[in-house]
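Okay, structure first, notes after.
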Amino acid sequence: YVLLHASRKTFSNVKVSISAQWTPSIQNDSVPSFSPGETWEDNRLFADEKQATLFLGALDSIFLFSYAVGLYLSGVIGDRVNLRYVLCFGLCGSAAVEFVFGTLTEWLHIYNIYLYCGLWVLNGLLQSAVWPCVVAVMGNWFGKTGRGFVFGLWSACASVGNILGAFLASSVLKYGYEYAFLVTSVVQFAGGVVVFFGLLTSPKEVGLSLESETGLGPVETDTDSHRPLMSDEEDEVEVEAYSRPYHSIQQPDEPLAESPQAIGFCQAFCLPGVLPYSLAYACLKLVNYSFFFWLPFYLSNNYGWKEAEADRLSVWYDVGGIIGGTVQGLISDFMGKRAPVLAVSLTLAMGALVGYSRSPNDQVINAVLLAATGFFIGGPSNMISSAISADLGRQEALRGSQEALATVTGIVDGTGSIGAAGGQYLVSLIESKLGWMCVFYFFIVMTGGSIVFITPLLFKEVRAMWRDRQAMRRQL
C-alpha cells in the first residue's frame, strides 16, 4: 500500500506541470506571429489555467467515485477469492494504467479529455481492490489485543507512501512530469509481483490454527479477535478463552469445522456501528484527501514556492498523520474505547485548520502547523479505515459467519470515498469562485460533521465506561 499511495501522490504533485502543459503559454497567447491554429492544436486542451484546474478537480472526483464503487465490490470479492490474487491484480493493473495516463500519452503526444477520464475511472476501480484486502490480511494475523496500536502504526503505510511519492516525483520532475509517472508505476508493478510470490494472507497457509495465529502463546485465541472493542461483554469472553486448556483447542483426530461463510453486502451494512462510522469517514476523508490532492498545488500557488519545494513541504502533513494514528491508536487501546479519542482529536482538528489557514509565508511555521493538522486529521482517518474497520468486521454480531472483514472495510472506505469524491470538485469550484480561505471554512464544517455522526457511538461508549467505573467502585 506504500507503493500504491506513492503512485497516487504523483498526480497531486505534478498538477502545476500538467496544468501548464494543457494550457497555452504566455508567449503563444501574446505574440501575434502565432496563428490560432498553432496556438490551440495538440496539447492545448484549455484556454487558461482556471479551466485546467477545474478539470484536474473533476479528475480527482472521477477517480474517487470509481474508487468508491470499486470498494463496495472488491470488499465482497476479497471475502470470496484468494486475497493474494486480488491484491496483485489491483497493483499491477493500476501501475499499467498510470503508465499509459501520465507517460505514454505524453511521449506519443496524445491529449484527449475523454481518454484521460476513461483511464482514471479504470485506475480507480483497480486501486479499490487493494485496501479492503490488506486490512483483511492484517485482521487474519492480529487479534483484538493491541489492535489500536498495531493498526495505527501499520496504517501509516498510506502516509509513508505519500512521502515516498513526493520525493520520487520531485527528484525527476525536472525531466518532465511523465518521468514521475514512469518511476512510480514501474516500482508499483514490481511490488505487485513481490506480493503475488511472497505474501502469506493467513496463518493457515503455514499450518497455524486460527486459535494460535497471533503467535503470543497457546492460550491466545482468535475468538477474542472477532469481538468488537466496544462490546460490553468483552471481559466474560476473555475469561472463557483463557480458561480453555491448550489441548482442547485443536486435536488432529477431531473433524475440521466447516469454513465460515461470507455474509452479504446488506447484512454487513446493517452491522452495529458500520453506518455511523461510514458517514463520519465520508466527511473526514473529504478533508484528508483534499490535503492529499491539493496541498502541493495550494502551497505553490498561494505562497509562490517552487513546485519541488511545495512537494517536499507537503510531507509534513503525512508525518503528522503517522504520529497521530499511532499515538491515538495506543491511547484507544489503554482506554478500551475508540470514539472518545476520535471526538477529542477531531475537535482539536477544527482549531488546527483555523490556525493553518492563517499561516504566514514562512516554510518552518507552515511545516509545524501542517504537521499539527495532519496529527489531528490524518490520525483519526487512519484509525477509522484500519483499526475500527477491523473491530466492526470482527464483532459479536458476526459469530458463526466471520468472513466479513473485507466487506465491512470496503463499505466504510467506499462511503468515505464517495464523500471525498464530491469534495474534490467542490474544492476546485470554491477556490476558483471564493478563494482558499473559504475552502478551509468548508473543511472545518466537514470536520464538525464527522463529529456529529460519531456522537451516538461516543455517548454509548462513555456510558459503558461510566458503568464499568461504578461496578469497580462497588467491588472495592
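A few remarks follow.
- Mean-position separation - Cα centroids, the range 453-476 and the range 68-144, in angstrom: 41
- Highest-first arrangement of 428-434, 182-188, 310-316, where packing means the average Cβ count within 10 Å: 310-316, 182-188, 428-434
- Straight-line cross-link partners of LYS174 among the lysines, defined as a Cα under 26 Å from its Cα and at least 8 positions apart when in the same chain: LYS9, LYS15, LYS50, LYS306.
- Rounded accessible area per residue of the range 42-101, 1.4 Å, Å²: 37
- Between CYS270 and ARG358, the modelled labels are 5.0 nm apart [label points 7 Å from Cα along Cα→Cβ].
- Model label zone, TYR441; criterion: amide N under 19 Å from point 7 Å along Cα-to-beta-carbon; scope the range 46-61: none
- In plain terms, the chain from GLN51 to VAL81 could stretch by 6.5 nm, reckoned as 0.36 nm per residue minus the Cα-Cα distance.
- Distance between the range 408-428 and the range 324-358 - C-alpha centres, whole angstrom: 20
- ILE110/SER17 FRET efficiency (R0 25 Å; Cβ-Cβ; nearest 0.05): 0.90
- In terms of packing, defined here as the mean over residues of other Cβ atoms within 10 angstrom, the peptides 466-476, 355-365, 333-343 line up highest first as 333-343, 355-365, 466-476.
- Packing-based order for 100-107, 281-288, using average beta carbon neighbours within 10 Å, highest first: 281-288, 100-107
The values are calculated or read from the model by the stated rules, or taken from the named source; none is laboratory data. Since we're looking at a predicted model, the values are computed, not measured. Here Cβ is always computed from backbone atoms with ideal geometry, including for glycine, and neighbour counts include all displayed protein chains. Side chains are part of the model used for accessible areas, which takes the heavy atoms of the whole protein and leaves out ligands, DNA and RNA. Shrake-Rupley method; radii C 1.70, N 1.55, O 1.52, S 1.80 Å.
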